[in-house]
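Student: Take this structure first; my questions come after.
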Amino acid sequence: MGILTGKKGLILGVANAKSIAWGVAQACHEAGAELGFSYVGDALEKRVRPLAESLNSTFIEPLDVSDDAQIDQFFDKVKEHWGEVDFVVHSIAFANKDALRGRFSDTTRDDFQLALNISAYSFVAVANRAKGLMKPGGSLVTMSYLGSMRAVPNYSVMGVAKAALESATRYLAADLGEDGIRVNAISAGPIRTLAASAVGEFSRLMEKSARGSMLNRNVTQREVGNSTLYLLSDMASGVSGEVHYVDAGFNVGAGDPGAS
Ligand code: NAD
Ligand code: 0WE
């Protein structure tokens, strides 16, 4: 018996085996959950389907969160397949690559709109559909980053999007709390994933994060997965609207004044 035995949940945002969402999926599977997955585009279906099937998943459907019709279709299929859902993990972000270098003050209206649409509004849109399929005890978790609170070099418009995502988490927690549904965010330390690999000087950022952390190291996808598992489970039945840091303690430290 695991802490998610008998629960059904959706994992949105697996791109490959390095995705944070995959660390979450593994933790949830081992805790006894039945899982459904989304993917974007044919290229990612080829990666996601075998991963999902390795966890005995039978629900693997397309979902581009920029399209309301696709969100509706996706949740219609969830309703057909399961009838109801106990938890949803939102692990999705996107910004234009050009907006993640250079000066934040040069951010265009289009790049701002895109980053907030995919990385913040999508959680609202998904939560709204999910709540219709959830009973009291349901739980939603999204993935954030410290760049929401601090001006992290080059994180730029994504930092603004994460600030909106964390605020949306609190407002969703207020609304969905009326139905006994909890909404929380995890703020993860830097992890080398597909999204991160396209970022310049990511290795240096990882080194600085490790040195400035309490544990003197970075965190893994699985550690984020294990903490997410707790928030999804009834062990966290008294926790909602929270941003929970899984960053080896980096955010409470003074940073590394010697690092440059
Ligand atoms: P990843 O590239 O593995 O996952 C990002 C996912 O977003 C991909 O699966 C991609 O398909 C999906 N996505 C992008 N646009 C989409 C759209 N329009 N519709 C549906 N899905 C879309 O990278 P990751 O690092 O695992 O990122 C997952 C989450 O974790 C993101 O919210 C990211 O901001 C957050 N995060 C990452 C780190 C890190 O250092 N890697 C740290 C803290 C938080
Ligand atoms: O949220 C993220 C990744 C966000 C992200 C990354 C990319 C790169 C490729 C969103 N969209 C894109 N679009 C692309 O075309 N992280 C927390 C990881 C991350 O990204 C950074 C970081 C960190 C940490 C970018 C700049 C500085 C630090």
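Student: Students often forget the sequence filter, so: which lysines lie under 23 Å Cα-Cα from Lys131 once same-chain residues fewer than 8 apart are removed?
Tutor: List returned: Lys7, Lys8, Lys77, Lys79, Lys162.
Student: Figure the gain on full extension for Lys79 and Asn216 (residue separation times 0.36 nm, minus the Cα-Cα span) and round it to one decimal in nm.
Tutor: This chain segment gains 44.8 nm when fully extended.
Student: So between Ala43 and Ser66, what do we pick up on full extension, going 0.36 nm a residue minus the alpha carbon distance?
Tutor: Taking 0.36 nm per residue and subtracting the Cα distance, the gain is 6.5 nm.
Student: Using a 1.4 Å probe on the protein chains only, how many percent of the accessible area of the stretch 184-260 belongs to carbon and sulfur?
Tutor: C and S atoms contribute 54 percent here.
Student: Using 10 Å bins from zero, what percent of all Cα-Cα pairs in the stretch 22-155 falls into each bin?
Tutor: P(r) for the stretch 22-155, in whole percents per bin: 11, 37, 33, 16, 3.
Student: Could I ask something else about it? For the stretch 188-202 and the stretch 123-142, compute the distance between their C-alpha centroids and round to whole Å.
Tutor: 28
Student: So how strong a dipole does the stretch 68-198 carry about its Cα centre when Lys and Arg Cβ are +1 and Asp and Glu Cβ are -1, to the nearest 20 debye?
Tutor: I would put it at about 500 debye.
Student: Label point 7 Å out from Lys135 along Cα-to-Cβ: which residues of the stretch 1-35 have amide N under 14 Å?
Tutor: Residues passing the 14 Å test: 5-9.
Student: Treating the angle as unsigned and between 0 and 90°, give the value, to the nearest 10°, between the Cα long axis of helix 122-131 and the longest Cα principal axis of the chain.
Tutor: So the inclination is approximately 20 degrees.
Student: For the stretch 77-124, report the accessible area per residue in Å² (1.4 Å probe, heavy atoms, rounded to an integer).
Tutor: Ligands and nucleic acids excluded, the figure is 58 Å² per residue.
Student: Determine, for each peptide in 207-214, 232-239, 181-188, the mean count of other beta carbons within 10 angstrom over its residues, then list the peptides with the highest first.
Tutor: Top to bottom by mean Cβ count within 10 Å: 181-188, 207-214, 232-239.
Student: Suppose R0 equals 22 Å. What FRET efficiency, 1/(1 + (r/R0)^6) with r the Cβ-Cβ distance, do Ser197 and Ser167 give to the nearest 0.05?
Tutor: 0.20
Student: Relative to the longest principal Cα axis of the chain, at what angle does helix 41-54 sit, 0 to 90 degrees, rounded to 10?
Tutor: 70
Student: Using packing as a proxy for protection, rank 24-34, 103-113 so that the peptide with the highest average count of other Cβ atoms within 10 Å comes first.
Tutor: In descending order of packing, they fall as 24-34, 103-113.
The values are calculated or read from the model by the stated rules, or taken from the named source; none is laboratory data. Quick caveat: nothing in here was measured; it's all calculated off a predicted structure. Positions of Cβ are generated from backbone atoms using ideal geometry, with glycine treated the same way; all protein chains shown enter the neighbour counts. Note: areas computed on protein heavy atoms with side chains; ligands, DNA, RNA excluded. Shrake-Rupley method; radii C 1.70, N 1.55, O 1.52, S 1.80 Å.
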